[in-house]
Amino acid sequence: VPQIKNSHMSAALLHFLKEHPNVKCITQKFQVPGHSCVQEVDAMHSVLDRHLSKLELHSPLAIFKAIKNSRTNKPYKLIQMQTQHFLDFKTLSNCLSLSKVPYKHVVQIYYENNSNNLKYKLKFSEVELHSVAFLKGSQRQNSSKAFLEGVPDLSLPLKPFQRTKLHILGA
């Protein structure tokens, strides 16, 4: 959970809303300690670990094929990612006022398209949502601008050996 419970993830979701105007809102909910269950991702890691530990792999293509063949009943779908798929959400996060969100304590974050406020709950039982204006002072003053207009280029410059990565989707 801490890997997705931060300002970089919030910046990524806000960027997603900007790029997809047909999506009206996103609600991000987090598990509460003591109320969690085994995740599908944990099962995927277990399957991959068991399968890959039996193999001797000598090339990236071999890893690609091994992952694809690790589950026979529902093979994983693999997507080879290109440079343009990697975006710098840290830079976007630094351009926004997301430090006001108490990420350590939130249980739910609500993102709404074309809104300059991010809403969150500290307890699921709360009826009212807390609200934070995520635009910084000068951005907020010019509220006539479109949602997240003028944010920096998110393209992340990569070194040659980092040009592709593999993303695995459970089927």
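Each reported figure results from applying straightforward, stated rules to the coordinates on display, with no laboratory input. Just so you know, these numbers come straight off a predicted model, no measurement behind them. We place every Cβ from the backbone using ideal geometry, glycine too, and count neighbours over all the protein chains shown.
Would you mind calculating the gained length between Asn114 and Asn69 on full extension (0.36 nm times residue separation, minus the Cα-Cα distance), in nm to one decimal?
Numbers: separation 45, 0.36 × 45 = 16.20 nm, distance 4.27 nm.
Residue separation times 0.36 nm, minus the Cα-Cα distance, leaves 11.9 nm.
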Pair Ser59, Gln82: separation of 7 Å Cα→Cβ label points (nm) = 2.2
